[in-house]
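Below is one structure, written out as structure tokens; the observations come after it.
The values are calculated or read from the model by the stated rules, or taken from the named source; none is laboratory data. Being a predicted model, the structure only gives us computed values, none of them experimental. Glycine also receives a Cβ, built like all others from the backbone with ideal geometry; neighbour counts cover every protein chain displayed. To get the accessible areas, we keep the full protein, side chains included, count just its heavy atoms, and leave off ligands, DNA and RNA. Shrake-Rupley method; radii C 1.70, N 1.55, O 1.52, S 1.80 Å.
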Amino acid sequence: MKKKIIKIGLYILAMAFMPISSCIEPIDVTFEDFESAIVVEATITDKMEVQRVFLTRTFEFEDDGPSAEPNATVSINGGGNTFLFEESSPGVYLSQQAFAAQPNTPYLLSIQTQDGRSYNSTEMTLTQATQIDEIRAERITNDFGEEGVGIFVDSFDPTGNSVNYRYQYEETYKIIAPFWTPNDLEKVPANEAEVFCEVRLIPDTVSEETCFTTDFSNAIIQTNTSDLNEDRVSNYMVRFINRNNYIISHRYSILVRQFVQSNSAFEFYETLNEFSGSDSFFSQTQPGFLEGNISSTTNTEEKVLGYFDVATVQEQRLFFNYADLFPGEDLPPYIDPCATSSPPLAVGVPPRCVLSTQVEENLVRYVGNNDSPEQTEGPYTIVPTVCGDCLELGKVAVPEFWIED
């Protein structure tokens, strides 16, 4: 089975599809010096949901990243309906109403930027839907000798028409701060302090012990079944997590989404991978220019990068605990070493506050009293905030879909 994984930035959340054709069509490539071009990332699906379009601009390797394309007018026309989008954050456009793409209906994306430039896609229709048969987590050792957890997917199209598949995942995991306590420290006001730079113990009403975080896949993960006897995706790994990754320390959930791609969409991202290499960003400078299915209607010579997609999507969710796969074994190391210390209240001449400054700047959390401090130590033991407050890494609200074992 052919497998391609293309690294991209976290801001890339949409992919590309076109109707199924009998063969993969080549994509013309021209090589020129870098010039900034608009980047359009848009996938609408057959799931009833708020659809999204992302507009940025290409950037060179030495730049920090892409710049958003703000204040654009974005719409999608199809089936006699016009779906308007509005900007929710710079460069991110959400449909004003939830809608689902319908079969046998052509859809066209239209964009007008704030400087008066206009762009249209070619008309796109839905690809065929293929169910996910199963997703599962297995303890494995990968090709690099790393032990961890592989997330695998199986699916099958008995008609043999799907062939090209792309996967995204959304992972959510529980975080437990290893040094959380119900107490905290605060600086004693100067008019109340008995000693210089004094701090005191108070109930902790701010930090949390248990939180949840959700991350999204940052790669284009593609495979096709054209070289197999049947249109079957079997034991295909969409995610590998090293056993030392703290995100699987407690309970972990992954939602895998499967899209069926057209030959043209698959070839677009295949070529993009060859241009960029596995460690380059989607909209980073390329040695040549890769055209998608979007073009300028105001300047036929203008370069446009991106792909408008109308795609069927199927999804499944999986939960597991670390102990399910590594029973009786030590948990992965936390994201921080969580070294404890007992800094003095003040140092130097004239004295400078140490512990109270760390407390005021929210750099540390209380662990316990230091009842027998050394000469250079203070009365309390502390850790970095991330070790005593999970809000540094996530949110306390339990996701609606979350299920405990």
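Tabulated data
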item	result
Computed FRET value (nearest 0.05) for D330 with V398, which takes r as the C-beta separation and R₀ as 22 Å	0.25
Fraction of accessible area attributable to carbon and sulfur, segment 99-211 (%, probe 1.4 Å)	46
Cβ-derived FRET efficiency at R0 30 Å, C338 paired with E194, nearest 0.05	0.45
Approximate spin-label separation A68-D133, in nm, with each point projected 7 Å along Cα-to-Cβ	4.3
Using distinct alpha-carbon pairs, which all enter the 1/r mean, Kirkwood radius of the chain in Å	24.4
Table column - 3J(HN,Hα) (Hz), segment 350-365, Karplus curve with 6.51, -1.76, 1.60, x for Gly and Pro	x, x, 10, 5, 10, 4, 5, 5, 4, 5, 4, 8, 6, 8, 9, 10
Check: segment 165-250 dipole with +1 on Lys, Arg Cβ and -1 on Asp, Glu Cβ, in debye	440
Hz values of 3J(HN,Hα) by residue in segment 250-264 - Karplus curve (6.51, -1.76, 1.60), Gly and Pro given as x	10, 10, 9, 9, 9, 9, 9, 10, 10, 10, 9, 9, 7, 4, 5
Gain in span if fully extended, E360 to D154, counting 0.36 nm per residue against the direct Cα distance	69.0 nm
Label-to-label distance, nm, for residues given as V349 and T105 (7 Å Cα→Cβ offset)	8.2
Max mean-square fluctuation residue, GNM over the chain, Cα-Cα springs under 10 Å, options E374, E147, E209	E374
Amide hydrogen neighbours beyond the local backbone of N71, cut-off 5 Å, H modeled	G91
Per DSSP, loop chymotrypsin sites (Phe, Trp or Tyr not before Pro) in segment 139-237 with at most 14 further Cβ within 10 Å	F144, F196
Packing-based ranking, highest mean first, of 361-372, 91-102 given that Cβ atoms within 10 Å are counted	91-102, 361-372
For the chain: accessible area per residue (Å², 1.4 Å)	48
Estimated inter-spin distance, S372 and T213, nm [label 7 Å along Cα→Cβ]	3.7
Contour excess over end-to-end distance, with Cα ends at H250 and V206 and 0.36 nm allotted per residue	13.6 nm
Within straight-line cross-link reach of K187, aspartates and glutamates at Cα separation under 13 Å, skipping those fewer than 8 residues along the same chain	E198, E360, E361
Cβ-derived FRET efficiency at R0 30 Å, V50 paired with D115, nearest 0.05	0.65
Length released on extending from T141 to E186, taking residue separation times 0.36 nm less the Cα-Cα span	11.5 nm
